[in-house]
Amino acid sequence: MLEQFLNQLAGTSWVEWLGMVTGILGVWLSIKEKVAAWIFFIICYSCYVYISYHANLHAFMGMNIVFIGISFYGWTKWAKPSQSDADKLPIRRTTLAHWPLIGLFIVLTTSGIGWLLDRNGESSLPYLDTFAVSCGFTAQWMLSRKRIETWIFWIITDLIYLGMFLSSQSWPSVILFTVFIGLAIKGWKEWQNSVSDHE
C-alpha cells in the first residue's frame with residue numbers, strides 16, 4: 001500500500017498538483033471571505049476540466065465547467081468596488097423559501113443525470129456520483145451567495161468522494177478530500193460567529 005501511494009504521488013502531473021493546491025487555497029480564502037478565493041477556484045476547476053477531458057470523465061468535466069461559471073458569478077457577488085467593508089455581502093442562513101427548490105434540484109438532477117449515466121455505463125455508482133455532484137452544485141451556489149449551509153453541502157460532497165477514492169485506493173485524492181473536509185468543518189465553525197439571520 002505504501003509503495004502504491006508513493007508511486008501515485010510520483011505519477012501525479014503538475015496540472016493535478018496545481019489543481020490540488022489552488023483548490024485548497026480557494027477553500028481557505030473563502031473561509032476568510034477573501035475575494036481572491038474565486039481566482040484560485042477558477043484555476044482549480046480549469047485544471048480539472050483538462051484532467052477529466054484527458055481521462056474521458058465527461059460528467060466530471062461538465063461539473064467543473066459549470067463550477068467555473070458559478071465562480072465568475074461568485075466573484076462578481078463578493079467583489080463590488082463601490083462597497084465598503086461594512087456593506088460587503090454578509091454571511092446568511094438559507095431562507096425557508098429556498099429549501100424546497102434546493103431539494104427539488106437535487107432530486108431531479110440526481111435521478112435525471114444518474115439515469116443517463118446508468119444507461120450509458122459511464123459510472124460504477126451513477127446515482128451516488130450524481131448525488132455528490134448535485135450537492136456540489138448546491139454548495140457552490142450557496143458559497144457564491146455566502147450562505148452558511150454551503151459548508152454542510154461541501155462536507156456531504158467531500159465525504160462521498162472520499163469514500164469513492166478510498167475504495168479505488170487513489171491516495172492523492174484521498175489526501176485532498178480529507179483536507180477539504182477539515183477545511184469545510186473549519187469554515188462552518190468560523191462562519192457561525194458572523195452569520196446574520198436577517199435578509
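General remarks:
- Condition check for W17: out of contact with any strand residue (DSSP E or B) (no Cβ under 8 Å at 6 or more places or on another chain), in the same structural domain as L117 (by TED's automatic domain parsing) and outside any loop (DSSP other than H, G, I, E, B): no
- As a summary of the residue check, T94 satisfies the conditions (1) part of a helix (DSSP H, G or I); (2) touching a residue at least 40 places away in the same chain (Cβ under 8 Å) except for the one numbered (1).
- Residue that is nearest to the chain's Cα centre (by Cα), among those in segment 125-169 that are polar (S, T, N, Q) and at pLDDT below 90: T130
- Scope segment 1-44; condition acidic (D, E) and farther than 19 Å from L166 by Cβ; matching residues: E33
- Residue tally, condition part of a helix (DSSP H, G or I) and crowded, with 22+ Cβ neighbours inside 10 Å, over segment 145-160: 6
The values are calculated or read from the model by the stated rules, or taken from the named source; none is laboratory data. These numbers were taken from a predicted model, which means no experiment stands behind them. As a convention, Cβ positions derive from the backbone with ideal geometry for all residues, glycine included, and neighbour counts pool all protein chains shown.
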